[in-house]
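The values are calculated or read from the model by the stated rules, or taken from the named source; none is laboratory data. From a predicted model like this one, the values you see are computed outputs, not experimental measurements. No Cβ is skipped: glycine too gets one built from the backbone with ideal geometry, and neighbour counts run over all protein chains shown.
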Amino acid sequence: DIVTTTTHKTLRGPRGGLVLAKKEYANTLNKACPLMMGGPLPHVIAAKAIALKEAMTINFRKYAHKVVENAQTLAEVFQRNGLRLLTGGTDNHMLIIDLTSLGVPGRIAEDMLTSVGIAVNRNTIPSDASGQWKTSGIRLGTPALTTLGMGSAEMEEVANIIVKVLRNITVRSN
């Protein structure tokens, strides 16, 4: 009935968000979010319009399919290398690696991958015994790499680098 999304990342527009809803919710949403949050910036509105127009093209549809294909390639390589994925795979643009079997906190994995130029986000894992503030997972997605023209071969290479980094992290106990 109601969908929220960003206008950046997968849509490839400027930073922002959208709230899409059935007509029956229009009055309630308009009261909660009158016109827009923040001041109107015509150049940002124009850029969002262009991103939405691009999303209506066959090329964007091909891009979206490639984003999912690339995420599935990452998932296959991770699983082949013994890493557990939170949902057992992916059917969208992102995946979450459960790091509990490696004993590596998400924060440390995020920092180490960042140091080699790979951007991920630490992420909590459901029912994590470490608690909500000590993340035991990392989340990554494929829209940016796909936009750069990368395909399955490059995803295999990226995934293998990630596996190598994760397997070579030594966590010292206090």
Quiz prompt | Lys62, sole failed condition from (1) within 16 Å of Gly141 (Cβ to Cβ); (2) without any contact (Cβ under 8 Å) to a residue 12 or more places away in the chain | solution = (1)
Practice problem: Tell me which residues, restricted to segment 114-126, are modelled with pLDDT of 95 or more, over 14 Å from the mean Cα position of the chain (by Cα) and in a loop (DSSP other than H, G, I, E, B). | Solution: Val116, Gly117
Self-check item: Unique residue being in contact with a Ser or Thr (Cβ under 8 Å, 6 or more places away or on another chain), small (Gly, Ala, Ser) and within 23 Å of Ala51 (Cβ to Cβ) when the list is Ala75, Ala144, Ala64
Solution: Ala64
Quiz item: Out of curiosity, is Lys66 surrounded by fewer than 17 Cβ atoms within 10 Å (Cβ to Cβ), under 14 Å from Thr10 (Cα atoms) and under 20 Å from the mean Cα position of the chain (by Cα)?
Solution: no
Exercise. Would you check if Asp111 is at pLDDT 95 or above, under 14 Å from the mean Cα position of the chain (by Cα), more than 14 Å from Val163 (Cα to Cα) and surrounded by fewer than 14 Cβ atoms within 10 Å (Cβ to Cβ)?
Key: no
Practice problem: Determine whether segment 16-35 contains at least one residue that is under 30 Å from Ile125 (Cα atoms), at pLDDT 95 or above and surrounded by 14 or more Cβ atoms within 10 Å (Cβ to Cβ). | Solution: no
Quiz item: So, in segment 133-156, of the ones that are closer than 16 Å to Thr114 by Cβ and not hydrophobic (A, V, I, L, M, F, W, C), which residue ends up surrounded by the fewest Cβ atoms within 10 Å (Cβ to Cβ)?
Solution: Arg139
Quiz prompt | Extreme residue, nearest to Thr135 (Cα to Cα), among residues of segment 81-107 that are of a type in the set (Val, Ile, Thr) and surrounded by fewer than 17 Cβ atoms within 10 Å (Cβ to Cβ) | solution = Thr100
Practice problem: Report yes if Ala21 is in contact (Cβ under 8 Å) with a residue 12 or more places away in the chain, in contact with a strand residue (DSSP E or B) (Cβ under 7 Å, 6 or more places away or on another chain) and assigned by TED's automatic domain parsing to the domain that holds Thr100, otherwise no. | Solution: no
Quiz item: How many residues does segment 140-174 hold that are of a type in the set (D, E, K, R) and closer than 13 Å to Leu83 by Cα?
Solution: 2
Practice problem: For segment 28-47, indicate whether the set of residues that are over 28 Å from Leu145 (Cβ atoms) and in contact with a helix residue (DSSP H, G or I) (Cβ under 7 Å, 6 or more places away or on another chain) is non-empty. | Solution: no
Self-check item: Residue list for segment 127-154, restricted to those being in contact (Cβ under 8 Å) with a residue 40 or more places away in the chain, part of a loop (DSSP other than H, G, I, E, B) and over 13 Å from the mean Cα position of the chain (by Cα)
Solution: Met150, Gly151
